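Have a look at the structure below, then the notes.
The values are calculated or read from the model by the stated rules, or taken from the named source; none is laboratory data. Everything quoted here is computed from the prediction, not taken from an experiment. As a convention, Cβ positions derive from the backbone with ideal geometry for all residues, glycine included, and neighbour counts pool all protein chains shown. In case anyone asks, the SASA skips ligands and DNA or RNA and just uses the protein heavy atoms, side chains included. Shrake-Rupley method; radii C 1.70, N 1.55, O 1.52, S 1.80 Å.
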Amino acid sequence: AIAKYFPKGVRITQPEGGYFLWVELPLGLNALVLQRMALSQNISIAPGQLFSADQRFGHCIRLNFGHPSAGQIEPALKALGRLVNCLTVDNPC
């Protein structure tokens, strides 16, 4: 779903031993802004800034899939992808 709805060039890493995906978004995208926008649609993400003291992961997010609810993951990723596209392209959100 990320490959389908997010912009080209997004990189995904699945760390071993967890229920998380690390998503590297286009440079310049502010994950804190994305988090606020996502929360307004009841989608919770962890902005990359939480995982670095020097803010170097400001264009990254962590997604948790520990408790997936049937039928909710893909619509949420579609909505999140739409928000990411709004922040990376000159489109009104």
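Label the chain by shape, choosing from rounded, prolate and oblate, from the square roots a ≥ b ≥ c of the eigenvalues of the Cα gyration tensor; if a/c is under 1.5 it is rounded, and otherwise prolate applies when a/b is larger than b/c, oblate when it is not.
Values: a/c = 1.45, a/b = 1.04, b/c = 1.39.
It comes out rounded by the Cα gyration axes.
Tell me the net charge near Gly81. Cut-off is 13 Å between Cβ atoms, Gly81 excluded, with +1 for each Lys or Arg and -1 for each Asp or Glu.
Working: positive: Lys4, Lys8, Lys78, Arg82; negative: Glu74.
In short, +3.
Place +1 on the Cβ of every Lys and Arg and -1 on the Cβ of every Asp and Glu in the chain, take the dipole about the Cα centre, and give the residue among Pro75, Leu21, Leu34 whose Cα lies farthest towards its positive end.
Projecting each Cα onto the dipole axis, the largest value belongs to Pro75.
Work out the length of the dipole vector of the chain about its Cα centre, built from +1 on the beta-carbon of each Lys and Arg and -1 on the beta-carbon of each Asp and Glu, and round it to the nearest 20 debye. Mind showing how you got there, number by number?
Values: 8 positive and 5 negative charges, 31 e Å.
Dipole magnitude for the chain comes out near 140 debye.
Can you give the relative contact order of the chain as a percent, counting alpha carbon pairs under 8 Å and 6+ residues apart?
On the way: 133 pairs, mean separation 30.9, N = 93.
Here the relative contact order equals 33 percent.
Can you bin region 29-79 into rounded, prolate or oblate? Criterion: square roots of the alpha carbon gyration tensor eigenvalues sorted a ≥ b ≥ c, rounded for a/c under 1.5, prolate for a/b above b/c, oblate for the rest. Present the calculation step by step, with values, prior to reporting the outcome.
Values: a/c = 2.90, a/b = 1.83, b/c = 1.58.
In terms of gyration-tensor shape, prolate.
Pop out the carbon and sulfur fraction of the accessible area of region 1-54 as a percent, whole number, probe 1.4 Å.
Of all accessible area on region 1-54, carbon and sulfur atoms account for 53 percent.
Let me have the 222 nm mean residue ellipticity of the chain computed from DSSP H runs of 4+ only, each contributing -39500 (n - 2.57), with the sum over all residues rounded to the nearest 500.
-9000 deg cm²/dmol
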